[in-house]
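*Asks:* One structure coming up, written as structure tokens, with questions to follow.
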Amino acid sequence: MMTDMLRAVILGIVEGVTEFLPVSSTGHLLLAERFFNLGEGNFWKSFAILIQLGAILAILVLYFTKLWRVALGMFSNPDDRRFVIGVLVAFLPAVVIGLIAGKYIKEFLFNPWVVCFTLIVGGAVLLWVDQLDLKVYEDDATRFPLLMYFWIGVAQCLAMIPGVSRSGASIVAAMLLGADKRSAAEFSFFLAIPTMVGAFAYDFYKNRGDFTSDGLSVIAVGFVVSFITAMIVVRAFLNFVTRRGFAFFAWWRVIVGTLGLIALAMGR
């Protein structure tokens, strides 16, 4: 149990740090499993999905005032109602693609070679977008046009390929469509709420019979660690990208992906 608890803590930190950064939490968790033996087998694959809810809880806490205002105003305020509709519109493509191709994506693409290549390619794309002189038309994530929400949701579907990064895909799409860096990052947080809650509910229901009391305690530890870590990271990330952009995270991806390819080529 101590070994499992230590794994839960380490993976919880990896999840909390990487979930909302454009570096791919799924990719990092898969590489951690491969190179450091931090969780192989069906339980740990489900664990990686279930502890994402801890990171989501961090977003709900940090943005409670804004989200509560939207929840209260969605039936009377057209702007709040349009934002809720926008999040659902952005979420819909992932539902459709997930139902159609999710099984095949997990079967054929969830391997470390794919993760390393997509980390490098995604880093190059992020670096390219960060250096573009983009015109900014939108600076409030709750006021994007509905069509913009939809295209961000389409882009998010690319993140079903491990290593792409859900937040990275949605941030890049939002910036190319006219959002500033901060609002692009914030909308990736909001879009994560239905996306990851849906993944959590589906995986928990599908594998509910596999969880023992010991397994649930391990998940609880990972959940709490993920929550605390994400609370710290989200605020720092927003302040960092507002001032410095995404180049640091682009190079992070390239370095991790390159080191992973070297290790795989050496037979690790």
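*Asks:* Magnitude of the Cβ-charge dipole of the stretch 4-266, K/R +1 and D/E -1, about the Cα centre, nearest 20 debye? Spell out each step's value before the answer.
*Replies:* Numbers: 20 positive and 18 negative charges, 45 e Å.
Once rounded to the nearest 20, the dipole reads 220 debye.
*Asks:* Report, to the nearest whole %, how much of the accessible area of the chain belongs to carbon and sulfur atoms, 1.4 Å probe, protein only. List each step's numbers first, then the result.
*Replies:* Numbers: 9120 of 13070 Å².
Answer for the chain: carbon and sulfur cover 70 percent of the accessible area.
*Asks:* With a ≥ b ≥ c taken as the square roots of the eigenvalues of the C-alpha gyration tensor of the stretch 103-176, please select rounded if a/c is under 1.5 and otherwise prolate if a/b is larger than b/c or oblate if it is not? Working shown, then result.
*Replies:* On the way: a/c = 3.89, a/b = 1.62, b/c = 2.40.
It comes out oblate by the Cα gyration axes.
*Asks:* With every protein chain in place, what's the accessible area of Ile255 (1.4 Å probe, Å², nearest 10)?
*Replies:* Near enough 90 Å² of accessible area.
*Asks:* Can you check what the net charge comes to around Phe240, using other residues whose Cβ is under 15 Å from the Cβ of Phe240 (Lys, Arg +1; Asp, Glu -1)?
*Replies:* On the way: positive: Lys181, Arg182, Arg235, Arg243, Arg244; negative: Asp130, Asp180, Glu186.
Taking every Cβ under 15 Å from that of Phe240, the sum is +2.
*Asks:* From the square roots a ≥ b ≥ c of the eigenvalues of the alpha-carbon gyration tensor of the stretch 106-149, which class results: rounded (a/c under 1.5), prolate (a/b over b/c), or oblate? All intermediate terms of the calculation are to be shown ahead of the outcome.
*Replies:* Details: a/c = 4.65, a/b = 1.77, b/c = 2.62.
Because a/c hits 1.5 or more and a/b fails to exceed b/c, the stretch 106-149 counts as oblate.
*Asks:* So, one more: With each run of n ≥ 4 DSSP H residues scored as -39500 (n - 2.57), what mean residue ellipticity at 222 nm is computed for the chain after dividing by its residue count and rounding to the nearest 500 deg cm²/dmol? Can you show the working numbers first?
*Replies:* Values: 12 runs with 210 residues, N = 268.
Result for the chain, helices only: -26500 deg cm²/dmol.
*Asks:* Work out how much length Leu72 to Phe150 would gain on full extension: take 0.36 nm times their residue separation and subtract the Cα-Cα distance, in nm to one decimal. It would help to have the intermediate numbers written out before the result.
*Replies:* Working: separation 78, 0.36 × 78 = 28.08 nm, distance 2.37 nm.
Contour length minus Cα-Cα distance gives 25.7 nm.
*Asks:* Still on this structure, I have one more. Please compute the contact order of the chain in relative form: average sequence separation of alpha-carbon pairs under 8 Å and at least six residues apart, divided by the residue count, as a percent.
*Replies:* Values: 378 pairs, mean separation 99.9, N = 268.
Once divided by the residue count of the chain, the mean separation gives 37 percent.
*Asks:* Once ligands and nucleic acids are excluded and a 1.4 Å probe is used, how much of Ser24 is accessible, expressed in Å² to the nearest 10?
*Replies:* Accessible area of Ser24: about 10 Å².
*Asks:* Straight distance only, please: which aspartates and glutamates reach the Cα of Lys206 with their own Cα at less than 18 Å, same-chain residues fewer than 8 apart left out?
*Replies:* Glu107
*Asks:* Excluding residues fewer than 8 places away in the same chain, name every one of the lysines whose C-alpha is closer than 28 Å to that of Lys66.
*Replies:* Result set, ordered by chain and number: Lys135, Lys181.
*Asks:* Could you report the accessible area of Thr26 in Å², rounded to 10, computed with a 1.4 Å probe on the protein chains as they sit in the structure?
*Replies:* 50 Å²
*Asks:* Between Ile262 and Asn111, what length in nm is gained on full extension when 0.36 nm per residue of separation is reduced by their alpha carbon distance?
*Replies:* Numbers: separation 151, 0.36 × 151 = 54.36 nm, distance 1.50 nm.
Stretched out fully, the Ile262 to Asn111 stretch lengthens by 52.9 nm.
*Asks:* Build a GNM of the chain with springs between Cα atoms under 10 Å: which of Ile161, Ile56, Ile85 gets the top mean-square fluctuation?
*Replies:* Its mean-square fluctuation being the largest, the pick is Ile85.
*Asks:* Tell me, how many Å apart are the Cα centres for the stretch 184-201 and for the stretch 1-71?
*Replies:* Comparing the Cα centres of the stretch 184-201 and the stretch 1-71, I get a distance of 13 Å.
*Asks:* Could you do me a favour and compute the accessible area per residue for the stretch 4-266, 1.4 Å probe, result in Å²? The partial results should precede the final answer.
*Replies:* Details: 12510 Å² over 263 residues.
Counting only protein heavy atoms, the per-residue value for the stretch 4-266 is 48 Å².
*Asks:* Still on this model: Longest segment of the chain with no chymotrypsin sites (Phe, Trp or Tyr not before Pro) in a DSSP loop having at most 14 other Cβ atoms within 10 Å? Could the numbers behind the result be given before it?
*Replies:* On the way: sites that count: Phe75, Tyr137.
Looking at the chain, 138-268 is the longest stretch - no exposed chymotrypsin sites (Phe, Trp or Tyr not before Pro) with at most 14 other Cβ atoms within 10 Å.
The values are calculated or read from the model by the stated rules, or taken from the named source; none is laboratory data. Keep in mind the model is a prediction, meaning the values are calculated, not measured. Counting neighbours? That spans all protein chains shown, and the Cβs are built from the backbone with ideal geometry, glycine included. For accessibility, only protein heavy atoms count, side chains too; no ligands or nucleic acids. Shrake-Rupley method; radii C 1.70, N 1.55, O 1.52, S 1.80 Å.
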